[in-house]
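Remarks on the structure that follows.
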Amino acid sequence: DWSVGGRLGSGFQAVGQYGHNQNSYIEGRFGAGWLDHGVTADFTALHNWKVCTMDWTPRAGEWFFDAGVGLNIGGESHYAYLGVAGMARLGFKFYDAPVSLSVDYTPVIGPAIVYGGGHSHAGFRDIGFANLGLTCTYNF
């Protein structure tokens with residue numbers, strides 16, 4: 001039921017997934033993002049559904065497409081963001097090794113807030129649409 005690994009792209013996050021033996025699973029990501037004002041702490045929680053599997057390479061493994069929704073939060077000193085996240089993932093699970101590789105697009109829609117020094121400013125965080133990543137997980 002468990003998978004652990006890493007995601008590299010618009011940041012680097014440790015990834016944990018639970019519930020793979022069902023039609024849906026939960027996923028948590030925690031690490032560093034580098035889309036915003038320098039390096040930020042970044043956390044994402046998702047509920048993902050297994051949409052379909054494809055038997056394109058029957059001797060090597062199984063292709064899959066997953067989709068999900070969740071929340072993303074992060075920030076650094078005097079900067080924070082929060083948003084609703086969507087997720088679309090195309091991946092490959094090897095038959096001979098307990099490893100999966102996938103590419104995902106996880107757009108985040110929400111505000112960014114700059115604060116400190118007696119003032120604050122909030123606005124739409126349009127860089128949240130640039131959230132792409134390559135994920136490698138070990139499946140228990």
(request) Whenever you get a sec, compute what percent of the accessible area on the range 59-105 sits on carbon and sulfur atoms (1.4 Å probe). (result) 71 percent
(request) Net charge near R125: determine it from the other residues with C-beta under 15 Å of the C-beta of R125, scoring Lys and Arg +1 and Asp and Glu -1. (result) -4
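So, for the range 49-140, what is the accessible surface per residue at a probe of 1.4 Å, expressed in square angstrom?
Numbers: 5320 Å² over 92 residues.
On a per-residue basis, the range 49-140 sits at 58 Å².
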(message) Just to be sure I understand: with springs between alpha-carbon atoms less than 10 Å apart, which residue in H47, H37, H20 has the highest mean-square fluctuation in the Gaussian network model of the chain?
(response) H37
(request) Take the Cα atoms of the chain, build their convex hull, and give its volume per residue in Å³. (result) 87 Å³
(request) For the chain, with a Gaussian network of springs between Cα atoms less than 10 Å apart, report the residue from P111, P98, P58 with the top mean-square fluctuation. (result) P58
(request) Compute the Kirkwood hydrodynamic radius of the range 1-50, taking the inverse of the mean of 1/r over all pairs of distinct Cα atoms, and give it in Å to one decimal. (result) 11.5 Å
(message) I need the semi-axes of the equivalent ellipsoid of the range 58-101: take the C-alpha gyration tensor, multiply each eigenvalue by 5, square-root it, list largest first in whole angstrom.
(response) 34, 13, 5
(request) Please build a GNM for the chain, connecting alpha carbons under 10 Å apart, and tell me which residue among Y25, Y81, Y115 fluctuates the most. (result) Y115
(request) Note the full-extension length gain between Y79 and L8 as 0.36 nm times their separation in residues minus their Cα-Cα distance, in nm to one decimal. (result) 23.3 nm
(message) Treating only the Cβ of Lys, Arg, Asp and Glu as charged (+1, +1, -1, -1), what charge dipole size does the chain show about its Cα centre? Round to the nearest 20 debye.
(response) 40 debye
(request) Take the alpha-carbon centre of the range 80-109, take the same for the range 112-140, and report the distance between them in whole Å. (result) 16 Å
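The values are calculated or read from the model by the stated rules, or taken from the named source; none is laboratory data. This one's a predicted model, so the numbers in the text were calculated from it and none came from an experiment. Virtual Cβ from ideal backbone geometry, glycine too; neighbours counted across all protein chains shown. Just so you know, the surface numbers come from the protein's heavy atoms only, side chains and all, with ligands and any DNA or RNA stripped out. Shrake-Rupley method; radii C 1.70, N 1.55, O 1.52, S 1.80 Å.
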